[in-house]
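Visitor: Take this structure, written in C-alpha cells, and hold onto it; I'll ask about it next.
The values are calculated or read from the model by the stated rules, or taken from the named source; none is laboratory data. This one's a predicted model, so the numbers in the text were calculated from it and none came from an experiment. Reconstructed Cβ throughout: ideal geometry from the backbone, glycine too, with neighbour counts over all protein chains shown. SASA here: full protein model, heavy atoms, side chains in, ligands and nucleic acids out. Shrake-Rupley method; radii C 1.70, N 1.55, O 1.52, S 1.80 Å.
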Amino acid sequence: MRPPRRPSLSPSRAADFKTCPLLYRFRTIDRLPERRSRAAVRGTLVHAVLERLFDLPPAQRTPAAAQELISPAWTDLQEADPEVAELFTPGAADDTDDRAGGETLDAWLASAGRLVASYFGLEDPTRIQPHGREQLVEVTLPDGLLLRGYVDRLDVAPNGALRVVDYKTGAMPREAFEAKALFQMKFYALVLWRTRGVVASQLKLLYLGDGDALTYSPDEGELVRFERTLQAIWAAIERAVSTGDFRPSPSRLCSWCDHQALCPSFGGTPPPFPAEAAAAAGWATLPVVERD
C-alpha cells in the first residue's frame, strides 16, 4: 500500500483558504470539479509560449518567433487535455466575459497572440538567460509545514542575486490590491530564502493585459513575518480539518464560484465531510498544532 501523500501549502491554496475556507475544502479535500474558462486556458497557453520562447537561442527570441510558438503550444495543450477544445464547441458553457463576446477559436488565439506580443514591451528576452522556468520550489519549515509552488521564471545574476518573475494575463491591480497580488511572490521569496539562504533582490509581476509591471524588493524581516502568516493559515486549516468545520466567507468573489449550489450562503448544503479523502491526502497523520 502506498503511504498517503503529505499535505502541503501552495500560494493558490493559501489564497483559497483566506478567501473562503469552504472553497478550500471543496478544491483541496473534496476535489470537486470546476468549469473550465477560456480565460484560464488562455493563461496556460500564454505561459507555455513564454516558457518555450527561452528554448530558442537569444538572438531568435523575437516577437515573430513567439507568435509562431502559439499554434504548436495549443496543439500540445489539446493533446495533454482534450477537454480544452470543448470550450469552443457550440453552446459550450463558459465564463461571462466570453459569453458576451461569442468568441471564436480564431479570435481567442488572436487574443493570446496579443498578450504574447505585450510581453516584448516589458522585457527584452534576448538579454535574459533564465536559471529556471516553471520550476518547483519547496521547503519544509522547522515546524513541519511543507511549502510548495511553481515559479514562472527564476533569474540568477552573476553575483548570485535572485529575481522571481511571474506572468499575469490580466491588468495590473489598483494600489489597494497590490498586497494581495504580491502574496504569491512573497511565498516564493520565502521558499527560496529558506532553501538558498538568499533574499530575492526583486519580485516582478508582468501584467500582459495592459503591458505594465509591478516590482518589489522584500527584506529578511518581512519574510520572517510572512512565514508566521503562513503558519497561522496552516494552523487554521489543521483545526478545520480536525473538526470538519469549513465555513463559507461570502464576498463579491462568490459570483465566480462554481459551488454555490452546495454553499450555505446560497441556501445549499455541503456534502458530508469526506474523512476518507482527507486521510488519503495525509491529513490523518497530522495532529492539530497550536502555534503562538
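Visitor: Kindly provide the set of residues from the range 110-126 that are open to solvent by 40 Å² or more (accessible area, probe 1.4 Å), not in a loop (DSSP other than H, G, I, E, B) and not β-branched (Val, Ile, Thr), ordered by number.
Guide: Correct list: 110, 114, 117.
Visitor: Hey, could you check the range 192-213 for residues that are buried (at least 18 other Cβ atoms within 10 Å of the Cβ) and within 13 Å of residue 163 (Cα to Cα) and say which is nearest to the chain's Cα centre (by Cα)?
Guide: 205
Visitor: Something else about it: With respect to the numbered conditions (1) out of contact with any Pro (no Cβ under 8 Å at 6 or more places or on another chain); (2) not in a loop (DSSP other than H, G, I, E, B), which one is the sole condition not fulfilled by residue 265?
Guide: Checking residue 265 against (1) out of contact with any Pro (no Cβ under 8 Å at 6 or more places or on another chain); (2) not in a loop (DSSP other than H, G, I, E, B), the one that fails is (1).
Visitor: Right, next: Does residue 167 satisfy being open to solvent by 60 Å² or more (accessible area, probe 1.4 Å) and closer than 23 Å to residue 123 by Cα?
Guide: So residue 167 does not fit the description; no.
Visitor: Residue 66: over 22 Å from the mean Cα position of the chain (by Cα), modelled with pLDDT of 95 or more, aliphatic (A, V, I, L, M) and in a helix (DSSP H, G or I), yes or no?
Guide: yes
Visitor: Sticking with this one: Look at residue 186 and say whether it is open to solvent by less than 50 Å² (accessible area, probe 1.4 Å), closer than 28 Å to residue 116 by Cβ, among the basic types (Lys, Arg) and not in a helix (DSSP H, G or I).
Guide: Criteria not met by residue 186.
Visitor: Can I ask one more? Looking only at residues in the range 141-156 that are at pLDDT 95 or above and over 15 Å from residue 11 (Cα atoms), which one is most open to solvent (accessible area, probe 1.4 Å)?
Guide: Per the criteria, the residue is 156.
Visitor: I'd like the full set of residues that are more than 16 Å from the chain's Cα centre (by Cα), assigned to a strand (DSSP E or B) and on the phi > 0 side of the Ramachandran plot, limited to the range 127-180.
Guide: none
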